[in-house]
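Input: a single structure, listed below in structure tokens.
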Amino acid sequence: MNIKQAKEYIKNSVNLYLKKNEFGEYRVSVVRQRPVFLLGAPGIGKTAIMEQIAQEMGIALVAYSMTHHTRQSALGLPYITEKTYGGEKISVSEYTMSEIIASVYDTMEASGRREGILFLDEINCVSETLAPSMLQFLQYKVFGRHRVPEGWVIVTAGNPPEYNKSVREFDVVTCDRLKIMEVEPDYRVWREYAVEKGIHNAVVSYLDLKKEHFYCMEMTSRGRDFVTARGWEDLSEILMLYEEEQLPVDETLVGQYLRNEKAVKEFTAYYDLYNKYKKDYRIADILAGRPSVSALARAREAAFDERLSLLGMLLDRMQADMKEIMEQAAFLSELKKPLKAVGEVCDSEQNVSGEGQTGGGLERIFSELERQAQGRKKLLESLYRANSLSEAGRKKYRSVIGFLEERRRELYVGEASNAREAYGFLKEKYTALVARMKQETEKVQGELHALFSFVEEAFDKGNELLILVTELTVNTTSAQFIATFGSPDYQRHNQELMLSERSDDIKAQIAELKLD
């Protein structure tokens, strides 16, 4: 299976393991809650999907790599205590709590979340002294004398032996305690993730053309050569930073992330060509509705791979702008909640004083703004401690906190003399943000119209238009933007092209480029 399918299976397992009966007891007993074991090559996203699952389900996540654990750190340290049996005091060996289980309790205390996932990576690489204890743990969720808290599901992962010399193959007894899922690299699935994540478009465009370089492991005279999904993602991040600092990108840099000579040479050459396309076509001018005559002429004569790269650059810029709008919309929607609470304080002051003119009313507004900001901070900290805070969530809550704190400071030194004026000031600031978002939305809608116009003019109603509509459909951000704010061009072409019927038209060309 691919990593996306594995993610759905794990979510289903977690949901079922956390399902309770009418008495609040878990329907699946601890001994029947088989831990999931993800077996797959390194760098395909096993850890990443665990973070996504925790974020989507709103539960906690504790992750550990088992490679560095000794028997003592995993099981706890022995100590001597006294117990009384039949009136006689006896010295007995006990164990301190396992570092792993203690971290689960720490997360529960810090986050307030009582349910979660304990993710143990490299579980088939445990030390020889720890291996005998793993069978007990996998069946009974016990390390030493201490049990994993109820409501915590065990998910494990490891690499096949051909990728890691430290791997210890599980025997039948151990395998019979696990839900084993073998995961294979799948570029189509990773591409969806890459576009949502904002992976550098040069990486995605290159892999669209050279899918065989997405993930490879091979033996050479120099040793093992490899390229992994993790390598591409890390390369993407450093490319963006290099571009910010205007530093040159060469094979030496690329080779630090891709350990395959052919992939390094070909991607570096493509990256240079990609930047030349970007400069020659002037992406900003196209999306502003001012494509140059030379850009249109070149696009008409371009080979299919150059057209795909151009479309990728245009969509990358387009979807980044759409993402900013949707993040702003999420922020403004969340901001309504604390502002409503402040409005209720203002109303209560007016009911008490008649006109809401008391200084005490203003102080209550200050207090409510502070209370709302602190509430969002606690929520942010809880999600962070639970390891279930998404990047979108972080931006949203920090923006709300920033607004509330900044407006409180402005009110404190401002001229508002009562609760009504203070609340009016807050509404004015909120309305200004809404108006600005509306302007930005109209700008992005204009860019989308310009994009369709350029593709229509440059490529008529060819396969490039179908690719454009398809990409806008499958990308979550662009689909949300279009569903929320509309796009006549998209609606018209979506109906005209009828994706399911037209898709066969480009299969031959895509197959040549190894895109499917």
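Could you work out the helix-only [θ] at 222 nm for the chain, with each DSSP H run of four or more residues adding -39,500 (n - 2.57) and the total divided by the number of residues, to the nearest 500 deg cm²/dmol? Can you show the working numbers first?
Values: 22 runs with 317 residues, N = 516.
The helix-only estimate for the chain comes to -20000 deg cm²/dmol at 222 nm.
What is the diffusion coefficient of the chain in µm²/s, taking the Kirkwood radius over Cα pairs and the Stokes-Einstein relation at 4 °C with a viscosity of 1.567 mPa s? Can you show the working numbers first?
On the way: Rh = 27.2 Å.
Using the Kirkwood radius from Cα pairs, D works out to 48 µm²/s.
Using alpha-carbon positions, what is the distance between the centroids of segment 323-348 and segment 373-435, in Å?
That distance is 8 Å.
What percent do you get for the relative contact order of the chain when only Cα pairs under 8 Å and 6+ apart count?
Numbers: 649 pairs, mean separation 84.3, N = 516.
Here the relative contact order equals 16 percent.
Per Stokes-Einstein, at 25 °C and 0.890 mPa s, what whole-number D in µm² s⁻¹ belongs to segment 156-265, with the Kirkwood radius over Cα pairs as the hydrodynamic radius?
Values: Rh = 16.1 Å.
Value of D from the Cα-based Kirkwood radius: 153 µm²/s.
How long is the gain from Asp234 to Gln374 if the chain were fully straight, where each residue apart is worth 0.36 nm and the alpha carbon distance is subtracted?
Values: separation 140, 0.36 × 140 = 50.40 nm, distance 3.48 nm.
Fully extending the segment from Asp234 to Gln374 adds 46.9 nm.
Net charge within 15 Å of Ala295 by Cβ-Cβ distance, Lys/Arg positive one each and Asp/Glu negative one each, not counting Ala295 itself? Before the final figure, lay out each step's value.
Numbers: positive: Lys276, Lys278, Lys279, Arg282, Arg290, Arg298, Arg300, Arg307, Arg317; negative: Asp280, Asp285, Glu301, Glu306, Glu456, Glu457, Glu464.
That works out to +2.
At 7 Å along the Cα-to-beta-carbon direction for both Ala479 and Arg145, put a label point, then send me their distance in nm to one decimal.
Taking the two extended label points, one gets 5.3 nm.
With a point put 7 Å past each Cα toward its Cβ, work out how far Lys340 is from Asp460 in nm, to one decimal.
5.4
Arrange the peptides 313-326, 471-484 so that the one whose residues have, on average, the most other Cβ atoms within 10 Å appears first.
Numbers: 313-326: 19.6, 471-484: 17.2.
For the peptides 313-326, 471-484, the packing ranking is 313-326, 471-484.
What whole-number value in Å² describes the accessible area per residue of the chain for a 1.4 Å probe?
Values: 26540 Å² over 516 residues.
I get 51 Å² per residue for the chain.
Can you give the extra length, in nm with one decimal, that the chain gains between Gln439 and Ser127 once fully stretched, where that is 0.36 nm per residue apart less the Cα-Cα distance?
106.3 nm
May I ask you to rank Thr431, Thr228 by accessible area, largest first, using a 1.4 Å probe over the protein chains only? It would help to have the intermediate numbers written out before the result.
Working: Thr431 85, Thr228 15 Å².
Output order, biggest surface exposure first: Thr431, Thr228.
Using 0.36 nm per residue, how much length does the chain from Arg300 to Arg188 gain when fully extended, once their Cα-Cα distance is taken away?
Values: separation 112, 0.36 × 112 = 40.32 nm, distance 2.79 nm.
Once the chain is fully extended between Arg300 and Arg188, it gains 37.5 nm.
On the protein heavy atoms, probe 1.4 angstrom, tell me the percent of accessible surface of segment 22-73 carried by carbon and sulfur.
On the way: 1180 of 2410 Å².
Within segment 22-73, the accessible surface is 49 percent carbon and sulfur.
The values are calculated or read from the model by the stated rules, or taken from the named source; none is laboratory data. All figures in this text were calculated on a predicted structure; none of them were measured in a lab. Cβ coordinates were reconstructed from backbone atoms using ideal geometry, including for glycine residues, and neighbour counts include every protein chain displayed. What goes into the accessible areas is simple: the full protein's heavy atoms, side chains included, and nothing from ligands, DNA or RNA. Shrake-Rupley method; radii C 1.70, N 1.55, O 1.52, S 1.80 Å.
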